[in-house]
Amino acid sequence: MADLVQLLVSGIATGAIYALAALGFTLLWQAAGVINFAQGEFVMLPAFAMLFGIAFGLPMWLAFLVACVLAAIVLGLGFKLVIVDPLIRHGVIPLVIATLGVSIAVKSIVRAGYSAEAHPLASPFPSGQLSLAGVTVSYADIGTLVLAGVIVVALQAFLNKTVTGRAMQAVAQNTDSARVLGINVRRMVMYVFVINAVLAVVAALLITPTYLAKFDMGDSIGQKAFFAAIIGGFNQTRGALLGGVLIGVLENLVGFYVSPAYKEGVALLLFLLVILFRPEGLLGKAEERKV
Amino acid sequence: MKRFTRICAALAVALAMTPVVAQQPIKIVGLVELSGTGATSGTNFDNGVKLAVKEINAAGGILGRQVQYTSSDTQSNPGVAKALAQKAVDDGAYVVMGPVFSGSILVSMAETQRAEVPNFTGGEAAAITEKGNPYIFRTSFTQTTAMPKVARYIKSDLKARTVDVMWVNNDFGKGGRDMIIKSLEAEGIKVGADISTDPGQVDFSSAVLKAKQSNGDVLFVYTNEEESARALRELRKQGYAKPVVGETVLTSQKVIELAGDAANGAVAHVGLTADAPLPGIKKFDVDFQREYKTRSDHNGLKGYSGMYVVKAVTEKIGKVDGKAFAAAMHGAKILVKDTPGVLMDVSFDKNGDIDRESFLTKVENGKQVVVKTLPPLGAK
């Protein structure tokens, strides 16, 4: 029983990180109709930005803040203005291809500029474990859960309780109606891109101590986040959370009770099952194609 | 007179041509993992070869000819490695260095063997030199020679009765897993949990939990560099307090750098280490750091010493001839006093396996410390 609880806690912690990246997928899709296949690289780049900051003598918290600002500018505003805006009028497919291109280009640049080797990033949480009733949980897992939880709750509160958040939701639901209501659609979409970039930095902070900073570290996280978004429902932010946590927990359970060799296949299997039997996702709503 | 002039002209042309031929560089091709899961190993190996080539060229080359070294990225992919080996052969390579990954060399060495081009590898899988290929030579120990030493240490020093084995599911890991289990059982030690992990695996939480639950006396970890670092981090994260032992990779410089404090206490048998208390290796360590601003792991030493073996044996046979080189390699013994670049006295057997001293290392305060020097097998 103690093993199961431990597996669940660490699985939820890992899943929460997937969920942060998956949230970005769903937010961008809802607000701007963008599927960003460079999402994994959006997590990798801030990891290297933090490494740079630390190498320049910044404390981790300051390196994190600098990475947030840089990400908001480059991966938020820059990505929207340079990639999305010129291509969005041509439909989803050219944009998908463009994000795939961004993914390859970013990996190549980082590999050429920072070597193909992995680099360590210290955990923002203290080492050590908390033992309670036979269950041992690391402070890193607890910290990850708390931080990811706070981010998710704050984001939900922002989207549901503030005027700006509601305006963003209105844009996500119907752009034309939102515009008629006087909402500045361009600005709301811009906010979504910036939020996505900041979520990626938080995901980078939490996952890099485990994954290690490497040019291709985004492959795995990007893939898991995409699967999580599909599993939970691409048009539901709550779906991304559910998808991420489901993958994290099931990976841990399969890794322990079946074999660690099979855990990487869990997300793919779950993804296939959802696509076959509930294509709109576990919490998603079926959408009709516009003609 | 006219005839005399013609002869003089012909002689002049011949004389002019001679230095051109003599100055033609010796082509050495590196097939190394510069990306993918083997990037750390391949980059170190490649840098080691490059450093040796730089020194050799600065000292006048081999037989008066400069060495031209070019390296290609196998992407840690056996298929790519095979294609690059074919290209190296087509380009007229005298010797091929690499790949480092056992899975890659097992596939690519067919091309160099077919073309009768000597091929040095950093791979440690026992199968590499068991295929009767007369052109394959190691730069490190085979698992067959290393694992019995590890098992002996686990029994005599750690007094373990049960050992859990965590290994990476590729040619390198599977070969090591089979050999350590065989060696442990030969020492009368029981194998507890047999934990397979994936190449490139990032999350070791369930693997570590499995080891914790198994309750063995010692955990033997046999994975590649990044995975070893992740495993050590997860072991620390989950508070695993029993001895963690490995072979070669676990206490390597890169693993220590990536795992940080979590590497402290890990023990491994290593064939080569930059921390070895030998003057040649200390000099190499300084030179490598000056050149690449980072410390070399065992793979850097493999590439460096391997390149000096090429120099020593080529100069011994007195010509640049791959076939003669391979023949001279079998049974060759190269001493540090003759060729300091080989770093340690080394001998090659009829299969291309090496024998030399080795070390037992432990990570203490973020540094690899040599705790014991083990003699060559042939010395026993």
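Values quoted throughout were computed directly from the atomic coordinates according to the rules given, and no laboratory measurement underlies them. All values reported here derive from a predicted model rather than from experimental measurement. Glycine gets a Cβ as well: all are built from the backbone with ideal geometry, and neighbour counts include every protein chain shown.
Assorted remarks:
- Estimated [θ] at 222 nm from DSSP helical runs (n ≥ 4, -39500 (n - 2.57)) normalised by residues in chain A, nearest 500: -23500 deg cm²/dmol
- Placing pseudo-labels 7 Å out from each Cα toward the beta carbon at B:D349 and B:K333 gives an inter-label distance of 1.6 nm.
- Under 18 Å from the Cα of B:K50 - aspartates and glutamates, other chains or at least 8 residues apart: A:E117, B:E33, B:D73, B:D285, B:D287, B:E291, B:D297
- Cα centroid separation - the stretch A:39-55 against the stretch B:193-221, whole Å: 29
- B:V371-A:I73 pseudo-label distance in nm [points 7 Å out on the Cα-to-Cβ vector]: 5.0
- Rounded if a/c under 1.5, otherwise prolate or oblate - the stretch A:35-137, Cα gyration tensor axes: prolate
- Checking the Cα-Cα distances for B:K155/B:K302; B:K27/B:K174; B:K149/B:K282; B:K159/B:K254; B:K283/B:K350; A:K263/B:K212 against a 22 Å cut-off, the pairs over it are B:K155/B:K302; B:K27/B:K174; B:K149/B:K282; B:K159/B:K254; B:K283/B:K350.
- When the helices of chain B are scored as -39500 (n - 2.57) per DSSP H run of n ≥ 4 and the total is divided over every residue, the value at 222 nm lands at -14500 deg cm²/dmol.
- Across the stretch B:300-361, Cα pairs under 8 Å and at least six residues apart give a relative contact order of 27 percent.
- Counted residue by residue at 0.36 nm each, then reduced by the alpha carbon distance between them, the extension gain from A:F52 to A:L269 reaches 74.4 nm.
- Percent of Cα pairs exceeding the 22 Å cut-off, where the set is the stretch A:2-277: 57
- Approximate spin-label separation B:E130-A:E280, in nm, with each point projected 7 Å along Cα-to-Cβ: 5.8
- Cβ-to-Cβ counts within 10 Å put B:M166, A:M190 in ascending order as A:M190, B:M166, the fewest first.
- Computed over chain A: relative contact order in percent, which uses C-alpha pairs under 8 Å that are six or more apart: 35
- Of the DSSP H helices in chain B, those whose Cα atoms cover at least 27 Å axially and whose Kyte score averages -0.5 or more: B:2-23, B:39-58, B:298-317
- Of B:T294, B:T162, B:T142, the residue with the greatest mean-square motion in the GNM of chain B, using alpha carbon springs below 10 Å, is B:T294.
- Placing a label point 7 Å from the Cα of B:N264 along the Cα-to-Cβ direction, the residues of the stretch B:338-374 whose backbone N falls under 12 Å from that point are B:363-367.
- Helical segments meeting 24 Å axial Cα length and Kyte-Doolittle -0.5 threshold in chain A (DSSP H): A:2-32, A:39-55, A:92-114, A:139-161, A:185-211, A:237-257
- Shape category assigned to chain B from the gyration tensor of Cα positions, a/c cut at 1.5: prolate
- The slack in the chain from A:A133 to A:V153, taken as 0.36 nm per residue of separation less the alpha-carbon distance, amounts to 4.3 nm.
- Residue-by-residue Karplus 3J(HN,Hα) for the stretch A:120-136, coefficients 6.51, -1.76, 1.60, Hz, glycine and proline x: x, 10, 5, 6, x, 10, x, 7, x, 10, 10, 10, 9, 6, x, 9, 10
- Listed residues A:L23, A:L246, A:L130, most fluctuating in chain A (Gaussian network, C-alpha, under 10 Å): A:L130
- FRET efficiency, B:D90 to A:I109 (Cβ-Cβ, R0 51 Å, nearest 0.05): 0.95
- Among B:L250, B:L258, B:L209: highest mean-square fluctuation, GNM of chain B, C-alpha pairs under 10 Å: B:L209
- Extended-chain gain in nm, criterion 0.36 nm per residue less alpha-carbon gap, B:T162 and B:R290: 41.7 nm
- Net charge of Cβ neighbours under 14 Å - reference B:T129; Lys, Arg +1; Asp, Glu -1: -3
- Residues with amide H under 5 Å from that of B:S72, placed H, sequence gap 5 or more: B:G30, B:L31, B:V32
- Using a Förster distance of 22 Å, the FRET efficiency for A:N174-A:L81 (Cβ separation, nearest 0.05): 0.35
- Label point at B:K283 placed 7 Å out along Cα→Cβ; residues across the stretch B:34-59 whose backbone nitrogen lies under 20 Å: B:47-59
- B:E111, B:E185 arranged by Cβ crowding within 10 Å, fewest neighbours leading: B:E185, B:E111
- For B:Y222, B:Y135, B:Y240, the sequence from fewest to most other C-beta atoms within 10 Å is B:Y240, B:Y135, B:Y222.
- Loop-exposed GluC sites (Glu not before Pro) per DSSP, neighbour cap 14 Cβ within 10 angstrom, longest uninterrupted part of chain A: A:1-286
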